[in-house]
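Participant: One structure follows; several queries about it will come next.
The values are calculated or read from the model by the stated rules, or taken from the named source; none is laboratory data. Owing to the predicted nature of the structure, the values given are computational and were not obtained by experimental measurement. In this analysis, Cβ positions are derived from the backbone assuming ideal geometry, glycine residues included, and neighbour counts consider all displayed protein chains.
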């Protein structure tokens, strides 16, 4: 059995999904977010994301970490820079954990999930990821499984 942690970086909300299974069979999964407040300074928000990710990795001990790569829209260049900072602390947490890590381009993630690399972000919301995922606090995977979640 293998356990994979998938990360969708974001400064306000970093999405986390954990899947455990073998072959094409999913045995268990959990998801949630690491959230930060706009009221905090950038450095404090990044520190919170880094420390929270370290806790997740220590508690879950996955076999692989998959991080959605940075993207930037020409119209909003500052957003790409901020996302790069978030990805930096997530990659650092992963590297320091000693766990295998890979980055996946946004288009590749969309292609895998929807069959269309140009799909809008909400195109898989009905069957794979619900809009409420971003609003749920992260609850450790093992505790979810012990309590019968999901």
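Participant: Restricting the search to segment 82-129, which residues are under 15 Å from the mean Cα position of the chain (by Cα), over 15 Å from residue 15 (Cβ atoms) and modelled with pLDDT under 60?
Facilitator: None - no residue of segment 82-129 is under 15 Å from the mean Cα position of the chain (by Cα), over 15 Å from residue 15 (Cβ atoms) and modelled with pLDDT under 60, so the list stays empty.
Participant: Which ones in segment 33-67 are farther than 11 Å from residue 5 by Cα and either touching a strand residue (DSSP E or B) at 6+ places or on another chain (Cβ under 8 Å) or not in a helix (DSSP H, G or I) (or both)?
Facilitator: Once the filter is applied, which keeps residues that are farther than 11 Å from residue 5 by Cα and either touching a strand residue (DSSP E or B) at 6+ places or on another chain (Cβ under 8 Å) or not in a helix (DSSP H, G or I) (or both), segment 33-67 yields 33, 34, 35, 36, 37, 38, 39, 40, 41, 48, 49, 52.
Participant: Restricting to segment 57-81, what's the tally of residues that are under 14 Å from residue 8 (Cα atoms), touching a residue at least 40 places away in the same chain (Cβ under 8 Å) and in contact with a helix residue (DSSP H, G or I) (Cβ under 8 Å, 6 or more places away or on another chain)?
Facilitator: Residues meeting the conditions: 4.
Participant: With the structure loaded, tell me whether residue 20 is in a strand (DSSP E or B), in contact with a helix residue (DSSP H, G or I) (Cβ under 8 Å, 6 or more places away or on another chain) and surrounded by fewer than 18 Cβ atoms within 10 Å (Cβ to Cβ) or whether it fails that test. Explain how you work it out, then say what you get.
Facilitator: On the way: in a strand (DSSP E or B): yes; in contact with a helix residue (DSSP H, G or I) (Cβ under 8 Å, 6 or more places away or on another chain): yes; surrounded by fewer than 18 Cβ atoms within 10 Å (Cβ to Cβ): no.
Against the criterion (in a strand (DSSP E or B), in contact with a helix residue (DSSP H, G or I) (Cβ under 8 Å, 6 or more places away or on another chain) and surrounded by fewer than 18 Cβ atoms within 10 Å (Cβ to Cβ)), residue 20 does not qualify.
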